[in-house]
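These notes are about the structure you will find just below.
The values are calculated or read from the model by the stated rules, or taken from the named source; none is laboratory data. Because the structure is a prediction, the values reported are computed rather than measured. Backbone-built Cβ (ideal geometry, glycine too); neighbour counts: all protein chains shown.
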Amino acid sequence: METFHPAVVHFAIVLPLVALSMQGLYLLKQEKSYSKVSLVTLVFASIFVLAGYLTGSNDGSEVAEILSVYDKEGMADLRGHAQLGFYLLIAISIITALKILNFFVLKKKIIELLIALSLLVVSSLILLQGKEGGEIVYEHGTLFEGHAMKDTLEESLVDLADSDDKEESIEILTDAIKSALKKD
């Protein structure tokens, strides 16, 4: 199974922080170049937050049967993670649209301050989102582990179908269980 979510989300976490930093520098120094960098970074941040949301959704939907390896708490955490990701996507998109509108049309300092404050909130929530995503992986396992278990069991079923010997069948099942439980 290939997944791009873990790689993509690192950009989705860092880019809003860079945009926030550039926005803050713009407010402090009033140099247009910082506003331009903030704008460009925000556009890329929005793209990567969208990519993070889509890759996370794709990973989840592609392996829905694997998600059953999560307990109730793990599933609740995963649903909450997906929901917060959706809200963050909406928020960063609105901030980006506001920045584009203000940069090219409105040119109001108060809106620049509003953008900075909004980015501070969204960046904080994105950091929380990343922390929660990591906790889901470390506390409840990954989709890769579920796929590995499924693959091992499917291979064992094929081997069992080919085997007529009881001792060999027991060995195949024992090996599958040990492999799934990561026991040697």
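Could you check, for the range 5-16, whether at least one of its residues is in contact with a Ser or Thr (Cβ under 6 Å, 6 or more places away or on another chain), at pLDDT below 95 and in a loop (DSSP other than H, G, I, E, B)?
no
If you check Lys107, Lys166, Lys178, which single one turns out to be more than 30 Å from Val8 (Cβ to Cβ), loosely packed, with under 15 Cβ neighbours inside 10 Å and modelled with pLDDT of 95 or more?
Lys107
Determine whether the range 50-71 contains at least one residue that is under 23 Å from Ala7 (Cα atoms), of a type in the set (Phe, Trp, Tyr), outside any helix (DSSP H, G or I) and under 20 Å from the mean Cα position of the chain (by Cα).
Yes: one or more hits.
Could you say whether any residue in the range 131-147 is more than 21 Å from His5 (Cβ to Cβ) and not aromatic (Phe, Trp, Tyr)? I'd like the intermediate steps shown before the answer.
Our first condition is that a residue be more than 21 Å from His5 (Cβ to Cβ); within the range 131-147, this holds for none.
Taking every residue of the range 131-147 in turn, none turns out to be more than 21 Å from His5 (Cβ to Cβ) and not aromatic (Phe, Trp, Tyr).
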